[in-house]
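Please read through the structure below; I'll follow up with questions.
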Amino acid sequence: MKNAFVKNILCIGAGYVGGPTMAMIAYKCPQYKVTVVDINHERIAQWNSDLLPVYEPGLGEIVGAVRGRNLFFDTDIDRCIKEASIIFVAVNTPTKVFGAGAGMAADLQYWEKTARQIREAAGSPKIVIEKCTIPVKTALAMERILTSKEGSVSFDVISNPEFLAEGTAMRDLEFPDRVLIGSRETAQGIRARREIADIYANWVPKERIIESNIWSSELSKLVANAFLAQRISSINAVSALCEKTDADVQEVARAIGLDSRLGSKFLNASVGFGGSCFKKDILNLVYLCRSYGLNEVADYWESVVKINEYQKDRFVLTMLSAMFNTLAGKKIALFGFAFKADTGDTRETPALYVAKSIVEERAELVITDPQALRNAMADLDGVDNITYEIDPYKAAAGCDAIALMTEWKLYTGLDYERIYASMMKPAFIFDGRNVLDRKRLFEIGFNVFSIGKTPMVHV
Ligand SMILES: NC(=O)c1ccc[n+]([C@@H]2O[C@H](COP(=O)([O-])OP(=O)(O)OC[C@H]3O[C@@H](n4cnc5c(N)ncnc54)[C@H](O)[C@@H]3O)[C@@H](O)[C@H]2O)c1
């Protein structure tokens, strides 16, 4: 049967990036056939079911509207490569855990396998787009792999990093601040990047689609994440000073955020940043700098990660010292486990560090979260003394303390009088996101510990 679509687009990797991004392209461009493949067959089955593998506000509606129309999830990777003219690569690029660069460099094994598979199955010219976050100069390696077979077809490698943030992915995809497309600055490279720009031009205003040389594009993604994380670590570093000086970090953040040169975003002090990207991308940048002999530059960016570790540690130490230097035998509820609100993702969540530390102190832990319990159970598999409870009221009952880990809106609207009444006394709240009404909580009877503020204690 003849394909009625004007283009066949393929995405390899059906994760947090591949699934939502392709759903948006399919939604906005009914003239294209969009297919997403993955080596993980279970994940593909979930994408084809009512229970999607990724929780993201608005995602279910869009997938529901386009799945089976021009969005397809498939497992036959070779056939789909053959049929597509444009191939996005959105496989995972985690931090390497073995060999040279372990703990810092990006692990490019999934990416490389994909490149080889594209080369073997292609059969006709393709535009291959790096959607995943990779070290600068990876496109060169991609080109080498793709063209290393005698008589191979022609490939254009394009860098089109994804800037979506989990929790707001659909909004970020529909109204992106910018779409960045980098290519070789040859006539053929520029032609290929224009073809990708044409896809986005179906819904993104022209002035927001920016083109650049391919190395700038690759590096911009790492630098964007490094700058974002740096703001969080900067305000978190200041939060430690506020606690020593009776300054209030939120007042400081407001005062500096009104400076139009700085802006107000990403100035919320917290227990620390998490997510699959910030840490790994900064370490990737650090590794790159070191490999070019730029040790001072590497140290500068590495300190962003160090402050984040320090902040998580400080949070646990605050709990310990507030609760009379022992957590043993006490019961503590974690409100939230996802690395931030509106996602079920728990990769690099600060809650994992806090949970493990609390259990090491021999406390009993109850974890509650509206979306992340399944992942929390997997992350803490084999750790004793933890129960999982979807209802925050039940989770808090009988506890000595609540530690708020994720800024889910639901936690700001709870009946804290009822919660207080059900807890052991003295009752403590440690607000790791500064979202609760601390004055009110103190009036109810809680001992309240926030980030970067003077504690409010009765005892
Ligand atoms: N998660 C985010 O918020 C975010 C945002 C921007 C960019 N990124 C980048 O996008 C990339 C993907 O991230 P993610 O969060 O979607 O990862 P993910 O782990 O959720 O998804 C990656 C998928 O790729 C699949 N895969 C791995 N090797 C494969 C292969 N050879 N063939 C087919 N499928 C394969 C895996 O099975 C997995 O389902 C990473 O480089 C990440 O840094 C992520």
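Estimate the FRET efficiency between Ser216 and Ala165 by the formula 1/(1 + (r/R0)^6), using the beta-carbon distance for r and 25 Å for R0, to the nearest 0.05.
0.70
Now a separate question. Relative to the longest principal axis of the C-alpha atoms of the chain, give the angle of the C-alpha long axis of helix 109-121, reported between 0 and 90° and rounded to the nearest 10°.
20 degrees
What is the magnitude of the charge dipole of segment 300-359 about its Cα centre, with +1 placed on the Cβ of each Lys and Arg, -1 on the Cβ of each Asp and Glu, and no other charges, expressed in debye to the nearest 20?
In total the dipole reaches around 260 debye.
Taking a point 7 angstrom from the Cα of Ser291 along the C-beta vector, which residues in segment 145-162 have backbone N less than 17 Å away?
The answer is 145, whose backbone nitrogens lie closer than 17 Å to the label point.
Determine the gain in length on full extension of the stretch Met377-Arg261; use 0.36 nm per residue of separation and subtract their C-alpha separation, reporting nm with one decimal.
Taking Met377 through Arg261 to full extension adds about 37.5 nm, to one decimal.
Round to the nearest 10 and report in Å² the accessible area of Lys356, as given by a 1.4 Å probe over the protein chains' heavy atoms.
About 90 Å², ignoring ligands and nucleic acids.
Sticking with this one: I want to check the label-to-label distance for Trp203 and Arg254. Put each point 7 Å from Cα in the C-beta direction and report it in nm to one decimal.
Taking the two extended label points, one gets 3.7 nm.
On average, how much accessible surface per residue is there in the chain, in Å², for a 1.4 Å probe, leaving out ligands, DNA and RNA?
45 Å²
Could you tell me which residue out of Val54, Ala26, Val37 lies farthest along the dipole of segment 17-125 toward its positive end? Charges go on the beta carbon: Lys and Arg +1, Asp and Glu -1, centred on the Cα centre.
Ala26
Could you look at the chain and say what percent of its accessible area is carbon and sulfur, using a 1.4 Å probe and all protein chains?
Taking all protein chains in place, the chain shows 53 percent carbon and sulfur surface.
Along the Cα-to-C-beta direction of Glu309, a point sits 7 Å from the Cα; which residues of segment 98-120 have their amide N less than 19 Å from that point?
98-107
Let me spell out the model: positive unit charges on the Cβ of Lys and Arg, negative unit charges on the Cβ of Asp and Glu, origin at the Cα centre of the chain. What dipole size does that give, in debye rounded to 20?
840 debye
Among DSSP bridges having both ends in the chain, what percentage is antiparallel? Round to the nearest 5.
The antiparallel fraction comes to roughly 5 percent.
Before rounding to the nearest 500, sum -39500 (n - 2.57) across all DSSP H runs of length at least 4 in the chain and divide by the residue total; then give [θ] at 222 nm in deg cm²/dmol.
Taking each H run of at least 4 residues, the total per residue is -13000 deg cm²/dmol.
What full-extension length gain, to one decimal in nm, is calculated for Phe98 and Asn385 as 0.36 nm per residue of separation minus the Cα-Cα distance?
Length difference between fully extended and current span is 100.2 nm.
Rounded, prolate or oblate for segment 122-190? Axes are the square roots of the Cα gyration tensor eigenvalues, ordered a ≥ b ≥ c, and the cut-off for rounded is a/c under 1.5.
prolate
If I model a spin label as a point 7 Å beyond the Cα along the Cα-Cβ vector, how far apart are those points for Asp299 and Thr147 in nm?
Here the answer is 4.1 nm between the modelled labels.
The values are calculated or read from the model by the stated rules, or taken from the named source; none is laboratory data. Since the structure is predicted, the reported quantities are computational estimates derived from the model, not experimental observations. Note that each Cβ is placed from the backbone with ideal geometry, even for glycine, and that neighbours are counted across all protein chains shown. All accessible areas refer to the heavy atoms of the entire protein, side chains included, with ligands and DNA or RNA removed. Shrake-Rupley method; radii C 1.70, N 1.55, O 1.52, S 1.80 Å.
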